[in-house]
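Structure record follows, encoded as structure tokens.
The values are calculated or read from the model by the stated rules, or taken from the named source; none is laboratory data. Values in this document were obtained by computation on a predicted structure and should not be read as measured data. Here the Cβ positions follow ideal geometry from the backbone for every residue, glycine too, while neighbour counts run over all protein chains shown. Heads up: the accessible areas ignore ligands, DNA and RNA and are worked out on the full protein's heavy atoms, side chains in. Shrake-Rupley method; radii C 1.70, N 1.55, O 1.52, S 1.80 Å.
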Amino acid sequence: MSKVAVIYFSGYGHTKKVAEFVADGANAQLIAIDENGDIKDTDWDALNNADAIIFGAPTYMGSYPWQFKKFVDATSKVWFTMGWKDKVFGGFTNSGSLNGDKQVTLISMQTLASQHGGIWVSLGLPPANKLESTRKDINNLGGSVGVLVQSPTDADESAIPSGDLETARLYGERVADVAKRLK
């Protein structure tokens with residue numbers, strides 16, 4: 001069994017809900033970035049000791065929010081020593097609209113993993129792109145780099161489509177499986 005950490009920022013609770021599904025699939029430790037963009041020293045230890053790290057953040061205005069960016073910038077201390085080199089990485093994001101430029105956020109996360117010398121895990125699920133497909137289907141938003149989730153802005157996290165949440169859970173399983181095989 002590999003050690004997996006899911007680190008996320010959630011502004012309104014939607015990303016936290018998705019993080020819980022990802023963590024459930026990966027049997028992972030959840031690490032929340034607080035409203036000031038900080039995590040505890042013990043959280044840094046967990047990330048450093050993990051075999052895999054899965055990033056999660058909402059997409060606001062075409063990118064992740066400043067709290068997640070503050071965490072990203074703080075990882076430069078780890079980067080100097082290449083402390084996360086060869087770790088397995090993945091990512092997920094959500095926004096209020098079906099598109100919402102979520103791909104930009106995922107590619108930024110993928111770039112961060114690459115800068116750390118990590119190995120990025122793609123979604124590995126075909127898109128639900130048939131006429132009969134619904135929001136209850138797995139990968140109904142057609143992601144490939146990581147998990148894409150649509151969270152209606154006028155509802156709480158209970159309104160997140162079940163297909164998106166199951167996609168998140170399956171992705172957590174995939175990342176953990178890849179980390180286990182590479183360990």
Next on the checklist: How long are the semi-axes of the equivalent ellipsoid of the chain, defined as square roots of 5 times the Cα gyration tensor eigenvalues? Whole Å, largest first.
Outcome noted: 25, 18, 14
Checklist entry - For segment 50-183, which whole percent of the accessible surface, found with a 1.4 angstrom probe, sits on carbon and sulfur atoms? => result 55
Next on the checklist: If I fit a long axis through the Cα atoms of helix 162-182 and take the longest principal axis of the Cα atoms of the chain, what angle between them do I get, 0 to 90°, rounded to 10?
Outcome noted: 30
Checklist entry - How large is the dipole of the chain about the Cα centre if only Lys and Arg carry +1 and Asp and Glu carry -1, each at its Cβ, rounded to the nearest 20 debye? => result 540
Checklist entry - Can you give the accessible area of Leu182 in Å² (nearest 10), computed on protein heavy atoms with a 1.4 Å probe? => result 100
Checklist entry - In the Gaussian network model of the chain, springs joining C-alpha atoms below 10 Å, which of Thr42, Thr105, Thr153 carries the largest mean-square fluctuation? => result Thr42
Checklist entry - Between Val104, Val147, Val121, which gets the highest mean-square fluctuation from a Gaussian network model of the chain, Cα cutoff 10 Å? => result Val104
Checklist entry - So what is the 222 nm mean residue ellipticity for the chain from helices alone, if each DSSP H run of at least 4 adds -39500 (n - 2.57) and you divide by all residues, rounding to the nearest 500 deg cm²/dmol? => result -12000 deg cm²/dmol
Checklist outcome for this item: Packing-ranked peptide list from 57-66, 30-39, highest mean Cβ count within 10 angstrom first, is 57-66, 30-39
Checklist outcome for this item: Sorted largest first, the C-alpha extents of segment 52-131 along its principal axes in whole angstrom are 50, 27, 14
Checklist entry - What is the sum of charges around Trp44, taking Lys and Arg as +1, Asp and Glu as -1, for the other residues whose C-beta is under 12 Å from the C-beta of Trp44? => result -2
Checklist outcome for this item: Per its Cα gyration tensor (rounded if a/c is under 1.5, else prolate when a/b beats b/c, else oblate), segment 1-54 is best filed as oblate
Next on the checklist: Tell me the Kirkwood radius of segment 110-180: reciprocal of the mean inverse pair distance over distinct alpha-carbon atoms, in Å.
Outcome noted: 13.2
Item to check | Shape box of segment 1-93 [Cα atoms, principal axes, largest first, Å] | outcome: 32, 29, 22
